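J.: Following this message is one structure expressed as structure tokens.
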Amino acid sequence: MSNSTTRTVTMAQAVIAFLKNQYVERDGAEQLFFAGCFGIFGHGNIGGIGQALQQMPEFRYYQARNEQAMVHSATAYTKTRNRLQTFACTSSIGPGATNMVTGAATATINRLPVLLLPGDMFARRNVAPVLQQLESEHSQDISVNDCFKPVSRYWDRITRPEQLLLSLPEAMRVLTSPAETGAVTLALPQDVQAEAYAYPEVFFARRVWHIPRNRADRQAIEQAATWIRASQRPLIVAGGGVIYSEATDLLRRFVEQTGIPVGETMAGKGSLRYDHSLNLGAIGATGTFAANRVAREADLVIGIGTRYSDFTTASKTAFQHPSVRFLNLNVAEFDAAKHQALPLIGDARATLEELLTLLNGYQVEPGYRAQAKQLHAAWENEVERIYAIRHTPLPSQGELIGAVNEGSSADAIMVCAAGSLPGDLHKVWRARHAKNYHMEYGYSCMGYEIAGGLGAKMAAPEREVYVMVGDGSYLMMNSEIVTSIQEGYKLIIVLFDNSGFKSIGSLSRSLGQAGFGTRYVYPSNGGLPGDGAEAQILPVDLAANARSLGAHVITCRSYADFTNALAAARATERTTVIYIRNDRYESIPGYESWWDVPVAEVSTMPQVQAARMEWEAMRARERYFLGQSGRNDLTSKAES
Ligand SMILES: Cc1ncc(C[n+]2csc(CCOP(=O)(O)OP(=O)(O)O)c2C)c(N)n1
Ligand SMILES: [Mg+2]
């Protein structure tokens, strides 16, 4: 094809024509990168992207109810597909666009690729201010879409049609980069979307983007092997990167050959089956006593595909060995370098493989391996205990989680994001495969649950998807129940109603604040009652709400009702909401860990003063890891 052949199309038509021909390839397997486009039309995109989607129905358009929700669906879709496929999301200008900002942050924080196409103000400006345009006195080059800059890994505004020739390839580079990926935002002025331009035909040719498995620096890998051999108590912290890189089988081999036990982060849970004898389960603030005890004494922490959030490090209190060192394997240099680690910058699977051959013949001390196995077994007993609680009159959240775990098929996906459920699920959910535990806990965004469940189901229609959601999150965003029914993607939504925030209620008590502002109850004596006070709960009927949106609803009153409902939901074709009230106070405890949430330094409330004293004691355990970094260690080796 000669470079001089052109195709005259609108800018918006060019966007869709380009996107529909983008493919990715990893390990020789090729696939389309975009599964289609979610969108809500308004004057900012209807005549542009809307018209282009209508003209090119092979790039499937999906109608969403809420722009934030559609970005969550795209995010969950790509998480389920290990970042090898995603969606574009189109919005109008103004509120439709800014509704996507929270979705963009969720995607970027979780390192998940989504392409956002918000409409923007007129580039030609003569009719400004248009409906929903934010004006500024000091610049005509500002719009609400500038809000996407900090939450996007790549951001551009297309003020001339030909800018696409440079912007779309950049967008693809970032979306398909294992290290840089996240939300990509191309703001599309509504007039320019409809403008025609003679694009070079070659621009629309099929492109296949190779997803690399970069290998870490050889010298660093050799040093890593030396560090592991020198360690007495090494511990692997498995993060989401293990799963995205499809390194789970290799991780199992690595663990079995070396005997090094594993703790799992929120995104990494499922890296190893729950019943593997060297899986210590969840690590950190919401961790198990098994992982947290081993972490406390570990002299070498091997972080694989983790960004070490404060939940993982228990706000820097998890690792207390005086000379603990970190060895981080990560595609992103930024994450690999954390805690002054010896950085292995590369793909988890490729690099672990290389490291494993260097560890031939190496095993941890038998006593250490035995201790890890014993802790694993003790933890399994604790999970059994929690699953067997039969709390009355209202069931406990732990026993209901057990019922879902045991009542769902082994290949199902469980989706969750915020509230008290993530902490409880992190501890006691038994993950049977790498996709079993789908937790959005980078942003812990209330509202992700149902929208995310839809995305997960679209990515894996052959699996049952269980959305676990609290009443607070449900109230914030339940709209995509409608989309699930429109498109025929069945969800099983398990709705736990505890009349407010169980999570923040318990956090509030731990700060000496008695649950203030965390219950869904009527005001009394001129304010909202906290815990303990007599209160009348609000007459909200969430089961009726779900029914009104078209879901099949099963209301449960007891544990027995609940297990029956789970069986009935599996036999149903339609999106089903299982509604149950559960106890606000009966909680799964913390296990020898901590999360730093500041307590008021001075207060007139005695309980707050007491909480502050406890906080100060824990705060003193927070560590800096400031020693010689692993990278410095490599240079001294070269010199000697
Ligand atoms: C969008 C958003 N707003 C606020 C928060 C802070 N927050 C975390 S959990 C929570 C309460 C969640 O309530 P619910 O869904 O009923 O779950 P429960 O705590 O009762 O288990 C709040 C307000 C958040 N994570 N996300
Ligand atoms: Mg609640």
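J.: What pairs come out if I take residues in the stretch 481-506 that are without any contact (Cβ under 8 Å) to a residue 12 or more places away in the chain and pair them with residues that are within 16 Å of ligand 1 (Cβ to nearest atom) and not small (Gly, Ala, Ser) whose C-beta lies under 7 Å away, six or more apart or interchain?
T.: Nothing qualifies.
J.: Shifting gears a bit: When residues of the stretch 429-449 are filtered for being of a type outside the set (Gly, Ala, Ser) and either without any contact (Cβ under 8 Å) to a residue 60 or more places away in the chain or under 14 Å from Gly268 (Cβ atoms) (or both), how many remain?
T.: 11
J.: Being part of a loop (DSSP other than H, G, I, E, B) and of a type outside the set (Phe, Trp, Tyr), is that true of even one residue in the stretch 607-617?
T.: no
J.: Could you list, in sequence order, all residues of the stretch 484-496 that are touching a strand residue (DSSP E or B) at 6+ places or on another chain (Cβ under 7 Å) and open to solvent by less than 10 Å² (accessible area, probe 1.4 Å)?
T.: If the condition is that a residue be touching a strand residue (DSSP E or B) at 6+ places or on another chain (Cβ under 7 Å) and open to solvent by less than 10 Å² (accessible area, probe 1.4 Å), then Leu491, Ile492, Ile493, Val494, Leu495, Phe496 are the ones that fit.
J.: When residues of the stretch 504-527 are filtered for being within 14 Å of ligand 1 (Cβ to nearest atom), touching a Gly at 6+ places or on another chain (Cβ under 7 Å) and open to solvent by 30 Å² or more (accessible area, probe 1.4 Å), how many remain?
T.: 4
J.: Next up: Got a number for residues in the stretch 418-436 being open to solvent by less than 10 Å² (accessible area, probe 1.4 Å) and in contact with a strand residue (DSSP E or B) (Cβ under 7 Å, 6 or more places away or on another chain)?
T.: Adding up the residues that qualify gives 7.
J.: Criterion first (over 19 Å from Gln190 (Cβ atoms) and in contact (Cβ under 8 Å) with a residue 40 or more places away in the chain) does Glu30 satisfy it?
T.: yes
J.: Have a look at Val192, Val202 and point out the one that is over 24 Å from the mean Cα position of the chain (by Cα), closer than 22 Å to Pro169 by Cβ and open to solvent by 30 Å² or more (accessible area, probe 1.4 Å).
T.: Exactly one residue qualifies, and that residue is Val202.
J.: Turning to a different aspect of this structure: Considering only the stretch 5-104, give the helices (runs of 4 or more DSSP H) lying wholly within it that have at least 1 residues that are touching a Pro at 6+ places or on another chain (Cβ under 9 Å) and not hydroxyl-bearing (Ser, Thr, Tyr).
T.: Per the criteria, 11-19, 67-80.
J.: Then there is this: Against the definition (open to solvent by 10 Å² or more (accessible area, probe 1.4 Å) and either over 24 Å from the mean Cα position of the chain (by Cα) or over 30 Å from Val415 (Cβ atoms) (or both)), how does Glu135 come out, yes or no?
T.: Against the criterion (open to solvent by 10 Å² or more (accessible area, probe 1.4 Å) and either over 24 Å from the mean Cα position of the chain (by Cα) or over 30 Å from Val415 (Cβ atoms) (or both)), Glu135 qualifies.
J.: So, one more: Please return the ranges of helices (runs of 4 or more DSSP H) entirely within the stretch 442-555 where 3 or more residues are within 18 Å of Arg584 (Cβ to Cβ), more than 12 Å from ligand 2 (Cβ to nearest atom) and not aliphatic (A, V, I, L, M).
T.: Result: 502-510.
The values are calculated or read from the model by the stated rules, or taken from the named source; none is laboratory data. Keep in mind the model is a prediction, meaning the values are calculated, not measured. Please note: Cβ atoms are built from the backbone with ideal geometry, for glycine as well, and neighbour counts cover all protein chains shown. SASA here: full protein model, heavy atoms, side chains in, ligands and nucleic acids out. Shrake-Rupley method; radii C 1.70, N 1.55, O 1.52, S 1.80 Å.
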